[in-house]
Amino acid sequence: MSDTVGLTRDEMAERAALDIPNGAYVNLGIGIPELVARHVPEGREFIYHTENGLLGMGPSPAPGEGDPELINAGKRQVTALPGAAYFHHADSFVMIRGGHLDLCVLGALQVSQRGDLANWSTGAPDAIPAVGGAMDLVAGVDTIFVITQHTTRDGQPKLVEECTYPLTGPAAVDRIYTDLAVIDITPDGFQLVELSPGVDYDYVAERTGAPLIPIRSTP
Amino acid sequence: MSDTVGLTRDEMAERAALDIPNGAYVNLGIGIPELVARHVPEGREFIYHTENGLLGMGPSPAPGEGDPELINAGKRQVTALPGAAYFHHADSFVMIRGGHLDLCVLGALQVSQRGDLANWSTGAPDAIPAVGGAMDLVAGVDTIFVITQHTTRDGQPKLVEECTYPLTGPAAVDRIYTDLAVIDITPDGFQLVELSPGVDYDYVAERTGAPLIPIRSTP
Amino acid sequence: MIDKRTASPAEAVADVSDGATVMIGGFGEAGSPIELIHALIDQGATDLTVVNNNTGSGEVGLAALIKAGRVSKMICSYPRTANSTVFPELYRSGRTALELVPQGTLAERIRAGGAGIPAFYTATSVGTPLEEGKERRTFHDRDYVLELGLTADFALIKCRVADRHGNLLYNKTARNFSAVMATAARTTVVQTKEVVEPGALDPEAIVTPGIFVHRIVTVPDPAHESVLVAEGGSYP
Amino acid sequence: MIDKRTASPAEAVADVSDGATVMIGGFGEAGSPIELIHALIDQGATDLTVVNNNTGSGEVGLAALIKAGRVSKMICSYPRTANSTVFPELYRSGRTALELVPQGTLAERIRAGGAGIPAFYTATSVGTPLEEGKERRTFHDRDYVLELGLTADFALIKCRVADRHGNLLYNKTARNFSAVMATAARTTVVQTKEVVEPGALDPEAIVTPGIFVHRIVTVPDPAHESVLVAEGGSYP
């Protein structure tokens, strides 16, 4: 298989969006998760939350029309849709910590077969530690989707038996969308749900750092 | 001395108002304390807080002009002055518990010489216990004034060595305004500050259930 | 299209089950969702735990719910108000239990429940009979007690205007407990005088964002408890 | 007449003493009170503990305060942002300490400080390296950690419009930490684009009631951090 096997970043985001129920309140992490907002499936409406104090976040403003004080958690300028509401940080995390968001889509450095997530630090001794709202999101939001490349740039698996990087939260992740597959976290470990076009089980399994349960055949 | 010795309810409220500093944020309890609002000394401005969600409370509305949903903690209709703000109950008690109010004026069943306050229950076995916001106010507000008749209707002292009624809070009261006198709570106990017109030390001391330290003579 | 409107008060409270915990907004009559409470009486759920600052007055609204024998426990700060006769009788006869909570602690316990905070410390009630049974702990040389977050199956609240998403504005001091309770219930049901389209409300001024609201019922001309009581009304 | 206006940023921060804890509003550049921060740099107070979600960018505003060596400790959730070079250097050289706090816990600790709550429990950080040194406790079969309320000597914040009493409205997502910090400082200093008379602001829409505000300075046309950084600006 070639280097261009599997989904693009945008296709991964589109695939994840398919699994978000209509009317859901959703927080999108920085990076590929931000792309999910471009792919609302026909007939559905999602309401986006950004932890810096906005519910009803819309797309980027037209050039020259933004307000440097209307930004998202990634500190990029955004817009507010009709029905939006502004609030302060404590109220914003009432929504997160109190379990009011339906779903959060995050990036990952590593996900373990138990759903442990590591996405804030490589633990490198000279790194400036920075956590932001990630730990609150994984502790507070019921359903956590992860979008990530299946492996690191140098080919190491990001889906692993045990995370070696510092955790964002234990047993946090529900489902993982990679360029190669959709994989659920189950009590038995990584459960393959769907293969990307042109990808087969063995290709994914070889690049996964823990056992991968094949798609159950319909009985 | 006659039955009409000492201050009226309204005069007690007027006297207490004299000791409220300009610009103070003040919560007034139900009963005689409510009358304090009628007596803002010349040249001063107080901002009244009512714990059910209003800062900048004004006087009762003109007949027929009230809103049954604009009330004070005593559930009487009030008005909102220019510069008022509405907020919910949790935010209202942030102001109280967080020490943001300058002063609170409360009624009392009993005050002990250490400043313990009892003002919510007589502890009678068939009473319906009801506490409202009194315990939060005494725990959170720095300066607590009490306005009360010096004795009960049957002549028992309300200023006592130890409260026999259930406490609202220990060591809470700073100053007491009665029909007979102004009395401070000090580390040494009740300290007479001022006698009402026509009242002498012995008259007050006889009606006080703990030692009353005389007014210090100017050295 | 996100649309949280529900056809009627009856439909909005149809799934309240026996034994449910129900937070009811209001401080005295300000903010009391009378029409939702009356729909709950009609619906018949019983053995309820009700959270409200008071216990209602006369024989309408919350007092009527209590009088109908549906409330096995009240959690409140001030169960004794003018024209409040229903609760005292049931309480004295042991048919309705009471958990008395200082008003600020009640508001904060509800806020904590909605905020995913299981417990917090407060100085309120330290050294009083209401400290009984609570854990005491010292921080920075002052004593505090541990209080637990409070959540509910349903919150029934009243507002002035809502949009289809459930963004709410209240009327003056009717905001009181309602804006906090909206955050602490699995299902928050709102009666509003008016529903507007998303975008009609200033996003800077919204008090309760729609994420906390699940059902909206329009009651254009809600009854006032004091008026009903003055008329000697009773429900049903 | 209650009037919290102060003549200048310099006057508003004149009494910040060495060793003070200063909360500074803003999330990135949104809500950052640049003019107040620059006045604080001019004023000279040092050995400060600063609470902010980030550590500023470029060499203006918060980053300039850090670069000037005035900050001995940062309490924040995300000290690493685009164009943030000042803090990393001082941190690596050990000249500025860092207390890293998850963003929601930071907001809630500040809110608790303002609310008279010395401590609360949260599930955030359980099972992670940031749990270290915290007390763990189980409620309803889930584990939580104890977090302490956070207060400050000063809060420096920015708003859009204030009245003389200190009632505040903010601009969009510039509200962020500022409205919480206003409650948690002994002295809250606000820079506003505009001051209006009491009564000009809708009492239903006020975000920060005046009780939390002590000094108001008018800065009609505040600088934007991103513009200053793009211009290669540095302060002083």
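The values are calculated or read from the model by the stated rules, or taken from the named source; none is laboratory data. Because the structure is a prediction, the values reported are computed rather than measured. When we count neighbours, we look across all protein chains shown, and the Cβ atoms used for this are built from the backbone with ideal geometry, even at glycine.
Pairs are defined by a Cβ separation below 9 Å, a sequence spacing of at least 6 or placement on different chains, a first member in region A:77-97 that is under 17 Å from C:Val196 (Cβ atoms), and a second member that is of a type in the set (S, T, N, Q); the pairs so defined are A:Ala80/D:Thr173; A:Gly83/C:Asn167; A:Ala84/C:Asn167; A:Ala85/C:Asn167; A:Ala85/C:Thr208. For region C:67-124, taking the residues that are surrounded by 24 or more Cβ atoms within 10 Å (Cβ to Cβ), of a type in the set (D, E, K, R) and touching a helix residue (DSSP H, G or I) at 6+ places or on another chain (Cβ under 8 Å), the one that is nearest to the other protein chains (Cβ to nearest Cβ) is identified as C:Arg111. For the condition within 11 Å of chain B (Cβ to nearest Cβ), buried (at least 24 other Cβ atoms within 10 Å of the Cβ), closer than 24 Å to B:His49 by Cβ and of a type outside the set (A, V, I, L, M, F, W, C), D:Thr192 does not qualify.
Restricting region D:195-220 to residues that are out of contact with any Ser or Thr (no Cβ under 7 Å at 6 or more places or on another chain) and in a strand (DSSP E or B) leaves a set whose member that is nearest to A:Ser92 (Cα to Cα) is D:Thr208.
The residue that is nearest to B:Phe190 (Cα to Cα), counting only those in region B:87-122 that are at pLDDT 95 or above and of a type in the set (Ser, Thr, Tyr), is B:Ser112.
When the residues of region C:125-140 are narrowed to those that are of a type in the set (Asp, Glu) and farther than 23 Å from B:His89 by Cα, which ends up surrounded by the most Cβ atoms within 10 Å (Cβ to Cβ)? Let's see the steps before the verdict.
Here is the first cut: in region C:125-140, the residues of a type in the set (Asp, Glu) are C:131-132, C:135.
With farther than 23 Å from B:His89 by Cα added as a condition, the list becomes C:132, C:135.
Numbers: C:Glu132: 8, C:Glu135: 11.
Ranking the candidates gives C:Glu135 first.
Do we have any residue at all in region C:67-74 that's over 23 Å from C:His224 (Cβ atoms), modelled with pLDDT of 95 or more and not small (Gly, Ala, Ser)? Taking every residue of region C:67-74 in turn, at least one turns out to be over 23 Å from C:His224 (Cβ atoms), modelled with pLDDT of 95 or more and not small (Gly, Ala, Ser).
Residues in region C:9-35 that are more than 26 Å from C:Val227 (Cβ to Cβ) and hydrophobic (A, V, I, L, M, F, W, C) were compared, and the one that is nearest to the other protein chains (Cβ to nearest Cβ) is C:Ala20. The condition of being under 30 Å from C:Val145 (Cα atoms), surrounded by fewer than 16 Cβ atoms within 10 Å (Cβ to Cβ), at pLDDT 95 or above and among the acidic types (Asp, Glu) holds for only one of B:Asp188, B:Asp202, that being B:Asp188. When restricted to residues that are in contact (Cβ under 8 Å) with a residue 12 or more places away in the chain and on the phi > 0 side of the Ramachandran plot, region C:120-136 contains 2. If you take just the strands (runs of 3 or more DSSP E) that sit entirely in region D:1-115, which of them hold at least 2 residues that are more than 20 Å from D:Phe212 (Cβ to Cβ)? Because the criterion is at least 2 residues that are more than 20 Å from D:Phe212 (Cβ to Cβ), the strands (runs of 3 or more DSSP E) in region D:1-115 that meet it are D:48-51, D:71-76, D:97-100. Condition check for C:Gly166 on (1) of a type in the set (Gly, Ala, Ser); (2) assigned to a strand (DSSP E or B); (3) in contact with a helix residue (DSSP H, G or I) (Cβ under 7 Å, 6 or more places away or on another chain): one failure, at (2). When region A:154-171 is examined, which residues are found to be among the small types (Gly, Ala, Ser) and under 9 Å from A:Asp116 (Cβ atoms)? Those that are among the small types (Gly, Ala, Ser) and under 9 Å from A:Asp116 (Cβ atoms): A:Gly169, A:Ala171. D:Thr6 falls short on exactly one of the conditions (1) within 14 Å of chain A (Cβ to nearest Cβ); (2) more than 10 Å from the chain's Cα centre (by Cα); (3) within 27 Å of D:Asn167 (Cβ to Cβ), and that condition is (1). Answer yes or no as to whether D:Phe139 is away from chain A (no Cβ under 12 Å), under 30 Å from A:Asp116 (Cβ atoms) and in contact (Cβ under 8 Å) with a residue 12 or more places away in the chain. Here the answer is yes, as D:Phe139 does meet what is asked. Given the residues C:Ala155, C:Ala179, which is the only one that is at pLDDT 95 or above, more than 7 Å from every other protein chain (Cβ to nearest Cβ), buried (at least 24 other Cβ atoms within 10 Å of the Cβ) and not in a loop (DSSP other than H, G, I, E, B)? From the options C:Ala155, C:Ala179, the qualifying one is C:Ala155.
For the criterion of being in a loop (DSSP other than H, G, I, E, B), of a type outside the set (D, E, K, R) and under 20 Å from D:Glu99 (Cα atoms), A:Gly132 passes. The residue pairs whose first member lies in region B:173-189 and is more than 15 Å from B:Cys104 (Cβ to Cβ), whose second member is β-branched (Val, Ile, Thr) and buried (at least 20 other Cβ atoms within 10 Å of the Cβ), and whose beta carbons are closer than 7 Å, counting only pairs six or more residues apart or on different chains, are B:Thr178/B:Thr148; B:Leu180/B:Val199; B:Leu180/B:Val204; B:Ala181/B:Val199; B:Ala181/B:Val204; B:Ile183/B:Ile176.
Could you please find all residues in region D:161-171 being surrounded by fewer than 24 Cβ atoms within 10 Å (Cβ to Cβ) and at the interface with another protein chain (Cβ under 9 Å from one of its Cβ atoms)? Working first, answer last.
Within region D:161-171, the first condition is being surrounded by fewer than 24 Cβ atoms within 10 Å (Cβ to Cβ), and the residues that meet it are D:161, D:164, D:169, D:171.
Selection gives D:Arg164, D:Leu169, D:Asn171.
For region C:116-132, a tally of residues being small (Gly, Ala, Ser) and in a strand (DSSP E or B) returns 1. For B:Ala127, the conditions (1) aliphatic (A, V, I, L, M); (2) within 14 Å of another protein chain (Cβ to nearest Cβ); (3) out of contact with any His (no Cβ under 9 Å at 6 or more places or on another chain); (4) touching a residue at least 40 places away in the same chain (Cβ under 8 Å) are fulfilled apart from (4). Being over 24 Å from D:Val22 (Cα atoms) and within 7 Å of another protein chain (Cβ to nearest Cβ) holds for only one residue in D:Pro209, D:Pro203, and it is D:Pro203.
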